[in-house]
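The values are calculated or read from the model by the stated rules, or taken from the named source; none is laboratory data. What you are looking at is a predicted structure, and each value in this text was computed from that prediction instead of being measured. Here Cβ is always computed from backbone atoms with ideal geometry, including for glycine, and neighbour counts include all displayed protein chains.
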Amino acid sequence: MVGIANLEIGNLRSVSNAIDWFGFDHRLVDSASQLDEVTHLILPGVGSFHIAMRRVHDTGLFEPLREFAASGRPLLGVCLGMQLLGSRGDEGEDTGGLELIPGAVRRLDETQVESVPHIGWNSVDIRAAHPLFRGVRTGVDFYFVHSYHLSPDDGSYVLGVTDCGESIVSVAASGNVVGFQFHPEKSQANGLRLLENFCGWDGSC
């Protein structure tokens, strides 16, 4: 059973439609008790870091999400959801994150990036092998829409990078926790392959 966290900050329909396409059972997760019923969890998101983290706290999901990750079950953050996995973000105001992938969320450097937000197709240079990359080669394009990005504290968390004028981490992981800065559900065959790989992954590397 794949859970999709409902923080009312993301396009839940496109993610759920993709999971439907693969034939995996899924459900929206609105409360901590529902986390006990899922084997995998996707944390989607669009919008502001501090508003999203406020929703995490208001729904009582902060500690349950951390406990879910500690259980070894696979957890995937998508776009803003990836950023929420970090330690802190300074969008709007300085706000603590879920602290599942140590690092800070920062705005794209407008002196290097042609336009902010970074919108459109861009390639991912895979830097480390991972089960989620099965059947996906390095250098293929995925769809991005973001103004901020997670910068992990340590290179060991980096699985993929993207050059948008500034080199950013577009895929990061810590054990059973993975983040994609792009939208796999909007990235055609390669993005859907990543999601399918996640849904069939046991969380081990």
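Within the set GLY120, GLY160, the sole residue that is part of a strand (DSSP E or B), surrounded by 16 or more Cβ atoms within 10 Å (Cβ to Cβ) and either small (Gly, Ala, Ser) or modelled with pLDDT under 95 (or both) turns out to be GLY160. The residue that is farthest from the chain's Cα centre (by Cα), among those in the range 70-89 that are surrounded by fewer than 22 Cβ atoms within 10 Å (Cβ to Cβ) and in contact (Cβ under 8 Å) with a residue 12 or more places away in the chain, is GLY72.
Listed by first and then second residue, the pairs linking a residue in the range 143-160 that is over 9 Å from GLN181 (Cβ atoms) to a residue that is basic (Lys, Arg) and in a helix (DSSP H, G or I), with Cβ atoms under 7 Å apart and 6 or more places separating them unless they lie on different chains, are TYR143/LYS186. Take HIS40 and decide whether it is in contact with a Pro (Cβ under 7 Å, 6 or more places away or on another chain) and not hydroxyl-bearing (Ser, Thr, Tyr). Yes, satisfied.
Scanning the range 121-132 for residues that are touching a residue at least 12 places away in the same chain (Cβ under 8 Å) and either among the hydrophobic types (A, V, I, L, M, F, W, C) or in contact with a helix residue (DSSP H, G or I) (Cβ under 8 Å, 6 or more places away or on another chain) (or both) yields TRP121, VAL124, ILE126, ALA128, PRO131, LEU132. Given the condition at pLDDT 95 or above, among the hydroxyl-bearing types (Ser, Thr, Tyr) and over 21 Å from VAL46 (Cβ atoms), answer yes or no: does some residue in the range 131-150 qualify? So far as the range 131-150 goes, yes, one or more of its residues are at pLDDT 95 or above, among the hydroxyl-bearing types (Ser, Thr, Tyr) and over 21 Å from VAL46 (Cβ atoms).
For the condition surrounded by 18 or more Cβ atoms within 10 Å (Cβ to Cβ) and within 23 Å of SER147 (Cα to Cα), GLY45 qualifies. Say whether the condition of being surrounded by 18 or more Cβ atoms within 10 Å (Cβ to Cβ), over 15 Å from GLY77 (Cβ atoms) and either out of contact with any helix residue (DSSP H, G or I) (no Cβ under 9 Å at 6 or more places or on another chain) or not aliphatic (A, V, I, L, M) (or both) is met by at least one residue in the range 133-142. For the range 133-142, residues surrounded by 18 or more Cβ atoms within 10 Å (Cβ to Cβ), over 15 Å from GLY77 (Cβ atoms) and either out of contact with any helix residue (DSSP H, G or I) (no Cβ under 9 Å at 6 or more places or on another chain) or not aliphatic (A, V, I, L, M) (or both): present.
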